[in-house]
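Colleague: For reference, the structure I am asking about is given below.
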Amino acid sequence: MSGIFSRNPTNRLNLITGKVLPMRLPLEPYKIKMVEPIQLLPREERERLLREAGFNVFKIPAAAVFIDLLTDSGTPAMSEHQWAALLQGDEAYAQSRSFFRFQETVRSITGFPHVIPTHQGRAAEHILFTVLVKSGDVVPNNIHFDTTRANVEYLGATALDCVIDDAYDPYREHPFKGNMDVAKLQQAIRTYGRERIPLVMLTITNNSGGGQPVSMENIRQVSRICREYRIPLFFDAARFAENSYFIQQREAGYQNKSIPQIVREMFSYVDGCTMSAKKDALVNIGGFLALRDEGLAQRIKELLVLKEGFPTYGGLSGRDMEAMATGLQEVLQESYLKHRVEQVAYLGGLLQERGLPVLKPFGGHAIYLDARAMVPHIPQSQFPGQAIVVALYREGGIRAVEIGSLMFARRTDSGNWEFPRMELVRLAIPRRVYTVSHLAFVAETLETIRRRSSRLKGFRIRYEPEFLRHFTVELEELA
Ligand SMILES: *Cc1c(COP(=O)(O)O)cnc(C)c1O
């Protein structure tokens, strides 16, 4: 770890002299009150674990991971206020005080009257779609997140991605690369007919497209089209606060608006949302549905009782709802969001300075590496992204995730492979967990990997399940 602060003269970060802060340091607006020890295991140990896991990092014990960038989902550090709120959880089966506090918080943030807790985001999706979507339907989204897509397809419907074409160009600088292409949406409505489109979704920020934001203008346009055809519009709102911060920073007319104002305006254009609270509610588990329509809320609650629990807890404990309510208030603080977005951009900047191919602009929750640019000698059929994921664990005990062929490639009816457009490696940053030196270590490790990238090898599948392959697949490293 000698290099990063001293070796590279063009690297403006110099902690030795304490002079000239380079890219602005993402100063943490918190200090550490409780620590969780982490350790970098010896290399032979990491090598053994990789083999035992079939080179699938989802199967590596978390205790054997030094820096865990697998996901930003459910991995935040809660604040002292959230921990204190946990103790105030009211565990009454029905109509608990904690539910009312949670409901009031979500109502005040979103403006939606009906608030329905679920155990996490995908449960909210499953219940909403079960009520609205039937076989043969089509659900447009900017890009469906993987559980969203799976839940749509599970019902025999088609998950249609309508994001702007720029989203597929890894280096195109576009301030709102998560925007929906309204022409594609209109085309879909003309092609399939309004009757076959039970709802439209907008994922904010667009997770599968690199955590890229959707502009207020785009939300407004999509909303106008949906209202014209009387199609309900829902947010997949997992990162609604990060999206609002990008709007404040990048969209004309929003610089002087507060985050809660921007959030409220965003939600004013839609009919409801599904939410994974494991992201922008700053908790380790939780989710919810919130919406305007009373009749729809009623149908959802009927199914909720069957699948999740009574409508005032929906698969959660009272203390979970307390922690969510507090987290939802904290996530709207500008000091928090500024640090969050800058911390991610900081890692992106360190990698860019080191010549790594990073997706631009930097997203809200993760940095993405373009695997094909990094290991052009490994064909898509041999999972270039996974080669980098494996190298990250080998070199630095760092866990990342492949978002490419291992996750998305499908066999067509003729038996051929159909590959995704991009082969990415995602370095997701858990909220309030890692410091600047952890990020610097990640950058150093990746620089080492880049220098030796021509030696990285591809992989072949040894075992694969039927659904969501990447979670349980096992691989063999090619010679
Ligand atoms: C995480 C996520 C979900 C699913 O939520 P879970 O809480 O993991 O079930 C859905 N959509 C998006 C955009 C997500 O990031």
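Colleague: Run the accessible area of the range 388-448 with a 1.4 Å probe and give the carbon-and-sulfur part as a rounded percent. Show your work: numbers first, answer last.
Modeller: Numbers: 860 of 1920 Å².
Percent of accessible area from carbon and sulfur atoms in the range 388-448: 45.
Colleague: May I ask you to list the trypsin sites (Lys or Arg not before Pro) in the range 106-155 that are in a DSSP loop and have at most 16 other Cβ atoms within 10 Å of their Cβ? Present the calculation step by step, with values, prior to reporting the outcome.
Modeller: On the way: sites: R107, R122, K134, R149; in loops: K134.
When the trypsin sites (Lys or Arg not before Pro) of the range 106-155 are filtered for loop state and at most 16 Cβ neighbours within 10 Å, K134 remain.
Colleague: While we're on this one: For the range 183-252, which trypsin sites (Lys or Arg not before Pro) pass both filters: DSSP loop (anything but H, G, I, E, B) and at most 10 other C-beta atoms within 10 Å?
Modeller: Details: sites: K184, R190, R194, R196, R220, R224, R227, R230, R239, R250; in loops: R230, R239.
Qualifying residues, ordered by number: R230.
Colleague: Around F459, which amide H atoms from residues at least 5 apart in sequence, or from another chain, sit under 5 Å from its own amide H, with H modelled in the peptide plane?
Modeller: Excluding prolines and chain starts, which carry no amide H, the hits are F383, L478.
Colleague: With only alpha-carbon atoms counted, please give the Rg and Dmax of the range 80-330, in Å.
Modeller: 17.4, 53
Colleague: Next up: Add -39500 (n - 2.57) for each DSSP H run of 4 or more in the chain, then divide by its residues: what number comes out at 222 nm, to the nearest 500 deg cm²/dmol? Before the final figure, lay out each step's value.
Modeller: Details: 17 runs with 185 residues, N = 479.
That calculation yields -11500 deg cm²/dmol at 222 nm.
Colleague: Using θ = phi - 60° and the Karplus relation 6.51 cos²θ - 1.76 cosθ + 1.60, list the HN-Hα couplings for the range 240-252 in order, rounded to whole Hz, with x at every Gly or Pro.
Modeller: So the J values, rounded to whole Hz, are 4, 6, 4, 4, 5, 5, 4, 4, 4, 7, 10, 9, 4.
Colleague: Something else now. Taking amide H positions as placed 1.01 Å from N in the peptide plane, with prolines and chain starts having none, which residues 5 or more places from F310, or on another chain, fall under 5 Å of its amide H?
Modeller: So F310 has HN proximity to G315.
Colleague: Turning to a different aspect of this structure: What base-10 log of the normalised intensity I(q)/I(0) is obtained for the chain from the Debye formula, alpha carbons as equal point scatterers, at q = 0.11 Å⁻¹?
Modeller: Values, matching the q order: -0.93.
Colleague: Per residue, how large is the accessible surface of the chain? Use a 1.4 angstrom probe and give square angstrom. Intermediate values should be presented prior to the final figure.
Modeller: Values: 19830 Å² over 479 residues.
Accessible area per residue: 41 Å².
Colleague: Where both residues lie in the chain, what percent of DSSP beta bridges are antiparallel, nearest 5?
Modeller: 70 percent
Colleague: Follow-up question, since we're still on this one. For T203, what residues show an amide H to amide H distance below 5 Å, using hydrogens built from the backbone and excluding near sequence neighbours?
Modeller: N142, I143, D236
Colleague: Just add up the charged neighbours of T110: K/R +1, D/E -1, any other residue whose Cβ is under 10 Å from the Cβ of T110.
Modeller: Numbers: positive: R107, R264, R292; negative: none.
Combined, the nearby Lys, Arg, Asp and Glu give +3.
Colleague: Follow-up. At a 1.4 Å probe, what is the % contribution of carbon and sulfur to the accessible area of the range 80-330? Walk me through the numbers on the way to the answer.
Modeller: Details: 4640 of 9280 Å².
Solvent-exposed carbon and sulfur of the range 80-330 make up 50 percent of the total.
Colleague: Could you run the Karplus curve 6.51 cos²θ - 1.76 cosθ + 1.60 with θ = phi - 60° over the range 221-232 and give me ³J(HN,Hα) per residue in whole Hz, x for Gly and Pro?
Modeller: 5, 4, 4, 4, 5, 4, 5, 4, 9, 6, 9, x
Colleague: Okay, next question. Compute the Cα gyration tensor for the range 117-157, then decide on rounded, prolate or oblate, letting a ≥ b ≥ c be the square roots of its eigenvalues: rounded whenever a/c is under 1.5, prolate when a/b is larger than b/c in the other cases, and oblate in all that remain.
Modeller: oblate
Colleague: At 1.4 Å probe size, with no ligands or nucleic acids counted, give the accessible surface of K278 in Å², nearest ten.
Modeller: 30 Å²
Colleague: I've got another one for you. With a sphere of radius 9 Å drawn around the Cβ of I204, what net charge do the other residues whose Cβ falls strictly inside it have (Lys, Arg +1; Asp, Glu -1)?
Modeller: Working: positive: R239; negative: D236, E242.
Around I204, the charge tally is -1.
Colleague: Quick one: angle between helix 318-330 and the longest Cα principal axis of the chain, in degrees between 0 and 90, rounded to 10, please.
Modeller: Between helix and principal axis, roughly 70 degrees.
Colleague: Okay, moving on. Loop only by DSSP, 13 or fewer other Cβ within 10 Å of the Cβ. Give me the chymotrypsin sites (Phe, Trp or Tyr not before Pro) in the range 105-158 that pass, ordered by residue number.
Modeller: Numbers: sites: F129, F145, Y154; in loops: F145.
Sites meeting the loop and neighbour criteria: none at all.
The values are calculated or read from the model by the stated rules, or taken from the named source; none is laboratory data. A quick note: this is a predicted structure, and the numbers were derived from the prediction, not measured. Reconstructed Cβ throughout: ideal geometry from the backbone, glycine too, with neighbour counts over all protein chains shown. All accessible areas refer to the heavy atoms of the entire protein, side chains included, with ligands and DNA or RNA removed. Shrake-Rupley method; radii C 1.70, N 1.55, O 1.52, S 1.80 Å.
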